[in-house]
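No lab work stands behind these numbers, since they all come straight from the coordinates. Treat the numbers as computed from the prediction; the structure is a model and nothing was measured. Using ideal geometry, Cβ is built from the backbone for each residue, glycine included, and neighbour counts are taken over all protein chains shown.
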């Protein structure tokens with residue numbers, strides 16, 4: 001009787017732990033396991049002694065793919081594509097030094113109007129010279145600029161503008177060919193410049209197809225004068 005009771009107890013234990021589970025119960029359990037969503041399954045452990053990489057990752061542990069991004073292009077310089085030729089500009093005021101220049105191209109003048117030039121202070125009567133080779137296209141007097149000079153470069157694509165002059169150099173005339181360093185006028189304060197602050201208002205602009213001396217795209221002259229002493 002004791003042997004029979006012990007056998008029955010062993011059979012009951014094996015049946016409860018699955019050792020003697022009927023085949024249809026095991027099959028149902030496998031089918032139910034397959035129906036469980038992959039994202040909620042427990043990762044399959046690696047065999048003993050295997051490296052950690054042998055474990056099968058689940059959907060939750062797989063890192064998302066990185067999205068492709070376009071490389072950021074380098075910023076363009078304000079003067080990209082613009083050239084004044086192989087030779088640097090000559091300082092248009094005799095005795096002027098690049099270290100004394102101040103970039104005032106973006107400053108406002110008279111409200112919302114941009115300056116679009118730089119001012120080179122100098123005593124009244126200081127000689128003004130051609131910043132580059134070219135031709136005197138126009139000698140003009142205006143309310144704002146006073147006594148002015150418009151000089152085209154040899155290719156007739158760039159104009160150099162000199163304003164607030166006290167007077168012109170002797171013999172200067174329109175269509176006259178000048179070379180860099182030639183004297184063309186003298187610093188003053190004509191136009192809307194302050195009489196107490198004589199200076200040369202110097203500007204550069206790219207000419208349009210019509211080559212009109214009063215029309216063009218402003219270019220900051222400051223970087224082109226930094227190489228001068």
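Structure notes:
- Tail beyond 19 Å, pair distance distribution of the range 98-225 (Cα, percent): 45
- When only Cα pairs below 8 angstrom with a gap of at least 6 residues are kept, the range 98-225 shows a relative contact order of 29 percent.
- Separation of the range 93-122 and the range 187-229, taken as the distance between their Cα centroids, equals 8 angstrom.
- Multiplying the residue separation of residue 109 and residue 212 by 0.36 nm and subtracting their alpha-carbon distance yields 34.7 nm.
- Gain on full extension, evaluated as 0.36 nm per residue between residue 102 and residue 226 minus their Cα-Cα distance, stands at 43.6 nm.
- Highest to lowest packing among 124-137, 169-182, scored as the average C-beta count within 10 Å: 124-137, 169-182
- Spin-label model, residue 170/residue 155: points 7 Å from Cα along the beta carbon direction are separated by 3.6 nm.
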